[in-house]
Amino acid sequence: MSESIQDIINKCLKGDRASQEKLYREYAGKMWVVCRRYARDTEQAKDILQEGFVVIFEKIHQFKGKGSFEGWMRRIFINLALAEYRKKKLFFFDSNELPLQHDELDDEVFEDDDIQLTGAELLELIASLPTQYRMVFNLYAIEEMSHKEIANMLGISEGTSKSNLFRAREWLRKKIAEKSQFKYRSKERTLKM
């Protein structure tokens, strides 16, 4: 991009449509990844992406240049995704509501060097997490928020945040193990043919 981001922002402040389009083209891909991580499916992610850019263009005057512009945008998209879940009054499980079954997980699978996931496969696994787990996992592992911040943001206790993170990790481990076993079995079948 030959034009500086600050120049584009300044033109967006004046309502310049061409600059809004430049801003969209520059950041849509990165914000799509954020939307996809929080959305339950691609349709919801598209809605969040569209709504997010509308909000950005309406509130661009609120960006004061403290921190990165991309970080400011990311926060808007995350807040929109979380607002969607608050509207639907999703429930978060308390730490002792769901029994964990550790015996279902094979820890040795994760020491195997054959486990390889693409970024798209990992994103797909994260997107398939149950909602309450996905929200906490994304906020903690990707956005690097503390359990206290997550609890405040989602209206849950810190203990529930910790529990949901633990359960998300266990769920992901199990799914990765299943995916790895499927790939291994597919590879074996191919070799036998």
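The table that follows gives values for the structure above.
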quantity: Relative packing of peptides 34-43, 19-28 - highest average C-beta neighbours within 10 Å first; calculated: 34-43, 19-28
quantity: Cross-link pairs K148/K179; K87/K179; K22/K46 - those with Cα-Cα distance over 30 Å; calculated: K148/K179; K87/K179
quantity: Length added when fully stretched, K66-T118, from 0.36 nm per residue minus Cα-Cα; calculated: 15.3 nm
quantity: Residue-span extension gain [V54 to S128] - 0.36 nm each, minus C-alpha spacing; calculated: 23.9 nm
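Each value in this text was obtained by applying a stated rule to the coordinates, not by laboratory testing. Not measured: the values here are computed from a predicted model. Here Cβ is always computed from backbone atoms with ideal geometry, including for glycine, and neighbour counts include all displayed protein chains.
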